[in-house]
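The values are calculated or read from the model by the stated rules, or taken from the named source; none is laboratory data. A quick note: this is a predicted structure, and the numbers were derived from the prediction, not measured. Note: ideal-geometry Cβ built from the backbone for every residue, glycine included; neighbour counts use all protein chains shown. Surface areas here come from the heavy atoms of the whole protein model, side chains and all, with no ligands, DNA or RNA. Shrake-Rupley method; radii C 1.70, N 1.55, O 1.52, S 1.80 Å.
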Amino acid sequence: FSPRGLPLIGECDWNDGLSSAGDKMHGESVWLAHFLHLVLHEITGLLERLKREPHRVKSYRASTAKLFKALNKHGWDGQWFWRATTDEGAVLGARRCRDGRIFLNAQTWAVIANSAPPARLHRAMRSARRLLYKPYGALLLYPGYSTPDASIGYLTQYASGLRENGGVYTHAAVWTIMAEALLGN
């Protein structure tokens, strides 16, 4: 974890195209924070149902609450969740970014993991609808990177709008359907 309480991205997380964001083990992953929030919550529920390992239940519950707080304090950009930071501290997926301003998975997984207050979940998905939904599918990020950036990873080497650089990525698009369904849409 980073000093701010967010998981480190390392050489990548789900999106292996962010292959250089955390090579030096300083970059953070907001998507991984959402995912870990869900995993901790589910394991805690399972242990409670099995009436086993109460010390782990207590520890996991505390870790989940700490992660929720860090995620919402540091990963929220006002309209959506940013995606990650690089080793140098550059934020990926923030409103101020020229390229890669918003990433799909950081929004959908907030909903899937229920890792933010309800109003924030709805706002993040409204932003995703406005910026990422296209007639042919939901884009993985927008706008695509126009210049290769070695500090981010190989996804910036694809042409803007292709593959991980702002294209439609099928299973990420399926997570979009799941998130919309969880919101009742």
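The table below lists the values:
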quantity: Criterion violated by residue 68 - all others in (1) within 23 Å of residue 165 (Cβ to Cβ); (2) without any contact (Cβ under 8 Å) to a residue 60 or more places away in the chain satisfied; calculated: (1)
quantity: Answer residue from segment 81-109, given it is buried (at least 24 other Cβ atoms within 10 Å of the Cβ) and out of contact with any Gly (no Cβ under 9 Å at 6 or more places or on another chain) and is nearest to residue 144 (Cα to Cα) among those; calculated: 104
quantity: Residues of segment 11-27 satisfying the condition of being touching a strand residue (DSSP E or B) at 6+ places or on another chain (Cβ under 8 Å), closer than 20 Å to residue 156 by Cβ and open to solvent by 10 Å² or more (accessible area, probe 1.4 Å); calculated: 13, 26
quantity: First in segment 23-41 and without any contact (Cβ under 8 Å) to a residue 24 or more places away in the chain and at negative phi, second anywhere and surrounded by 21 or more Cβ atoms within 10 Å (Cβ to Cβ) and part of a helix (DSSP H, G or I), Cβ under 9 Å, 6 or more apart; calculated: 39/113
quantity: Conditions (1) in contact (Cβ under 8 Å) with a residue 60 or more places away in the chain; (2) open to solvent by 40 Å² or more (accessible area, probe 1.4 Å); number of the one not met by residue 147; calculated: (1)
quantity: Residue that is nearest to residue 108 (Cα to Cα), among those in segment 167-184 that are part of a loop (DSSP other than H, G, I, E, B) and modelled with pLDDT of 95 or more; calculated: 183
quantity: Test for residue 162: is it out of contact with any Ser or Thr (no Cβ under 7 Å at 6 or more places or on another chain) and either in contact (Cβ under 8 Å) with a residue 24 or more places away in the chain or within 16 Å of residue 32 (Cβ to Cβ) (or both); calculated: no
quantity: When residues of segment 16-62 are limited to those that are hydrophobic (A, V, I, L, M, F, W, C) and not in a helix (DSSP H, G or I), the one farthest from the chain's Cα centre (by Cα); calculated: 25
